[in-house]
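Just below is one structure, and these are the notes that go with it.
The values are calculated or read from the model by the stated rules, or taken from the named source; none is laboratory data. Since the structure is predicted, the reported quantities are computational estimates derived from the model, not experimental observations. Cβ placement follows ideal geometry from the backbone for every residue including glycine, while neighbour counts extend to all protein chains displayed.
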Amino acid sequence: MTYATLAAVVLALAAAAHVGLRAVARRRGTLPAGLGAATTVTALVLVVLTVVFDSAMIAADLFRFEESQLLGLRVGLAPVEDLAWPVASALVLPVLAAAVAPGGGEARDDARRRTLARLVGTSRPVSWINTAYPFVAAYLLAGGTSWWLGTVAALFLLVPYNLAMYGINDVFDHDSDVANPRKGGIEGIVLERGLHRTTLVAAVVTNVPFLVVLLVAGTALANAVLLVAVVAVVGYSAPPLRLKERPVLDSLTSSTHFVAPAVYGVALAGGAWTGEVVAVLVAFFCWGVASHAFGAVQDVRADREAGIGSVATVLGARLTTRLALAAYALAAVVLLVGAGWPGHVAALVPLLHLLNVWPHRHVTDATCETANAGWRRFLWLNQVCGFVVTLVVLAILLDR
């Protein structure tokens, strides 16, 4: 697919969205008289900014375009195809603001805002970065050069992917969530039954457009990895697979949710599958398995009462915790042996998590809820570990 073809697809989708959102705003009585002028001014401002900053970044050689995929027309140094993005944004953003603006029916508007807030809540905003960041880091380290494709993929893995992953989980785990005392805050909401259908529809609507663009633009390998990620996201919670209730497979699938974006980043960039790359991905997968297994420990009693199986309900809290410790240790060893320098530094990540879980090595099924303290530390420890990984990534990129 050439850049011009992709630009045409994006503009067509933006135009269709503009027409649809304009109709919504008109029906709600929130369509402003000056919408056309607002759209035009927005487009002009964004186009100028795009030309200026694209030209500056291209002049600094921060990124390059594949010339054979361009029409050859430029504004400054910016390819004319690049202007499709600001125009598309201008077509959608002003009319979107009009479509969601408060209207005459305040009660209806309040209900919509509450629904939107619940959809954001079920997507676990605190965890958005956990799927987008592995992709971005892998894409850059693998030499990805298509900024637009990388941006589309990163945005998909930032919000829609998480809405599907956690939203579908909240729908099909409703009974156990109601019985789970830790639900209702940063660790996940209890999604009302009345919002189950809305959540599933929102997951489809937000994911499908991104998937269409990514599958059309991606390579065969990248598309295969992307489809594996999507199947893992849906199959983890939804019947008939319901992999989260299949011991061991639940931890393997959960780890896939986070490692697949990194594998996708390498595949999409056309990167080399060196020993160091494979070692990092294997270590990341071990870390993911360990993290899911330990996360399941705190829910042993709640899951059993709801009739939900997991690696922890089958193996027991203590054995599952010790297997998590072993998986963290294995991840550290793999990084120390195979990651090379400065990748060795990343071994600090699983070691820090091992230290976090270590105090819970004697946990029992009866005291499983005490593991929640370690899980809450895990959520914040990820921020520190993210900093460590970022330093490693920057060191590699700056050394090139």
(request) Of all residues in region 312-352, count the ones that are in a helix (DSSP H, G or I) and within 28 Å of residue 277 (Cβ to Cβ). (result) 26
(request) For region 279-290, state whether one or more residues are outside any helix (DSSP H, G or I), of a type in the set (Gly, Ala, Ser) and within 24 Å of the chain's Cα centre (by Cα). (result) no
(message) Return the pair list, or none, for Cβ contacts closer than 8 Å from residues in region 295-323 that are touching a residue at least 24 places away in the same chain (Cβ under 8 Å) to residues that are of a type in the set (Lys, Arg) and crowded, with 24+ Cβ neighbours inside 10 Å, at least 6 apart or on different chains.
(response) 308/244; 310/244
(request) Give 35, 11, 31, 49 a once-over and let me know the one that is surrounded by fewer than 13 Cβ atoms within 10 Å (Cβ to Cβ) and not β-branched (Val, Ile, Thr). (result) 49
(request) May I ask you to verify whether residue 210 is modelled with pLDDT of 85 or more, closer than 16 Å to residue 263 by Cα and in contact with a helix residue (DSSP H, G or I) (Cβ under 9 Å, 6 or more places away or on another chain)? (result) no
(message) Looking at residue 266 and the list (1) hydrophobic (A, V, I, L, M, F, W, C); (2) in contact (Cβ under 8 Å) with a residue 40 or more places away in the chain; (3) part of a helix (DSSP H, G or I); (4) surrounded by fewer than 17 Cβ atoms within 10 Å (Cβ to Cβ), which single condition is not satisfied?
(response) (4)
(request) Could you please let me know if residue 136 is surrounded by fewer than 16 Cβ atoms within 10 Å (Cβ to Cβ), at pLDDT 90 or above and of a type in the set (A, V, I, L, M, F, W, C)? (result) no
(request) Considering only residues that are surrounded by fewer than 17 Cβ atoms within 10 Å (Cβ to Cβ) and assigned to a helix (DSSP H, G or I), look in region 68-88 and name the one that is modelled with the highest pLDDT. (result) 80
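What about residue 392, is it of a type in the set (Val, Ile, Thr), within 26 Å of the chain's Cα centre (by Cα) and closer than 27 Å to residue 279 by Cβ?
Numbers: of a type in the set (Val, Ile, Thr): yes; within 26 Å of the chain's Cα centre (by Cα): yes; closer than 27 Å to residue 279 by Cβ: yes.
Taking the combined requirement at face value, the residue satisfies it.
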